[in-house]
1. If you go through the stretch 193-207 one residue at a time, do you hit one that is over 17 Å from the mean Cα position of the chain (by Cα), in contact (Cβ under 8 Å) with a residue 60 or more places away in the chain and assigned to a strand (DSSP E or B)?
2. Against the condition over 24 Å from Ser22 (Cβ atoms) and either in contact with a Ser or Thr (Cβ under 7 Å, 6 or more places away or on another chain) or not in a loop (DSSP other than H, G, I, E, B) (or both), how does Glu220 come out, does it pass?
3. Only one of (1) closer than 17 Å to Ile154 by Cα; (2) out of contact with any Asp or Glu (no Cβ under 8 Å at 6 or more places or on another chain) fails for Gln103. Which number is that?
4. Given (1) of a type in the set (Phe, Trp, Tyr); (2) at pLDDT 95 or above; (3) more than 29 Å from Ile199 (Cβ to Cβ), identify the lone condition not met by Tyr108.
5. Can Lys129 be described as touching a strand residue (DSSP E or B) at 6+ places or on another chain (Cβ under 8 Å), in the same structural domain as Trp104 (by the TED database) and without any contact (Cβ under 8 Å) to a residue 40 or more places away in the chain?
6. Working carefully through the options Glu220, Glu212, find the one that is touching a Lys or Arg at 6+ places or on another chain (Cβ under 6 Å), of a type outside the set (A, V, I, L, M), modelled with pLDDT of 90 or more and at negative phi.
7. Given the conditions (1) more than 25 Å from Ile90 (Cβ to Cβ); (2) of a type in the set (S, T, N, Q); (3) modelled with pLDDT of 95 or more, and given that Ser155 satisfies all but one, which numbered condition is not satisfied?
8. Considering (1) under 27 Å from Cys200 (Cα atoms); (2) in contact (Cβ under 8 Å) with a residue 12 or more places away in the chain, say which one Thr27 fails and leave the rest.
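The values are calculated or read from the model by the stated rules, or taken from the named source; none is laboratory data. These numbers come from a predicted model, not from an experiment. Neighbour counts are summed over all protein chains in view; Cβ atoms, including those assigned to glycine, are modelled from backbone coordinates with ideal geometry. When the accessible area is computed, the model is the full protein with side chains, heavy atoms only, and any ligands, DNA or RNA have been set aside. Shrake-Rupley method; radii C 1.70, N 1.55, O 1.52, S 1.80 Å.
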Amino acid sequence: MAYPFQLGLQDATSPIMEELTSFHDHTLMIVFLISSLVLYIISSMLSTKMTHTSTMDAQGVETIWTILPAAILVLIALPSLRILYMMDEINNPVLTVKTMGHQWYWSYEYTDYEDLCFDSYMTPTSDLKPGELRLLEVDNRVVLPMELPIRMLISSEDVLHAWAVPSLGLKTDAIPGRLNQATISSNRPGLFYGQCSEICGSNHSFMPIVLEMVPLKHFENWSASMI
């Protein structure tokens, strides 16, 4: 959950988000070093006399400033491709949940169970209990087991939506007539909040997502009580 005036990313709770955070720090450090070098060169050119103007025409310098940017791009591209493949890969999911976007709420169906499905609407401000978050709490939370691979199938009934939970590193478009897939795996229990990240209409800001990650035993008790 983000806090006021937060500048960085939310705390990672999945292996994918941990990799994304590390890649963010890795890329940001490269950008910082490049910016520092360019600033140093600009300040040097403005504050000193250029006594060796022919240096800028040297073949060696041109070779360096051609190879060096290419090497930097490789250092950024390789980790990025690795994470992209990790995000698309899913091996033997223990549970499959189908998510459908509507104007303007989400509906969930646990496809491994016969009659386990429900709609999830935002809780009105007047109905909030102490400690609940305004515009982020829902009447029916998505309860999932932690430390297990879960497949989320995402689509839409009407317009474009986007199912996003930042702390899990998830953001998948919900497109009418298309079934997209995302992988969920949480390292710890807790409540994780997200929202629709696509401008889908006048109530776009009122489609929150709440995942409740619990131990497997508690999930089994919850699913038995819902059926």
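1. no
2. Values: over 24 Å from Ser22 (Cβ atoms): yes; either in contact with a Ser or Thr (Cβ under 7 Å, 6 or more places away or on another chain) or not in a loop (DSSP other than H, G, I, E, B) (or both): yes.
Yes: the conditions hold for Glu220.
3. Failed condition: (2).
4. Condition (3) is where Tyr108 drops out.
5. Working: touching a strand residue (DSSP E or B) at 6+ places or on another chain (Cβ under 8 Å): no; in the same structural domain as Trp104 (by the TED database): yes; without any contact (Cβ under 8 Å) to a residue 40 or more places away in the chain: yes.
The answer is no for Lys129.
6. Working: Glu220 fails: touching a Lys or Arg at 6+ places or on another chain (Cβ under 6 Å).
Residue meeting the stated conditions: Glu212.
7. (1)
8. Failing condition for Thr27: (1).
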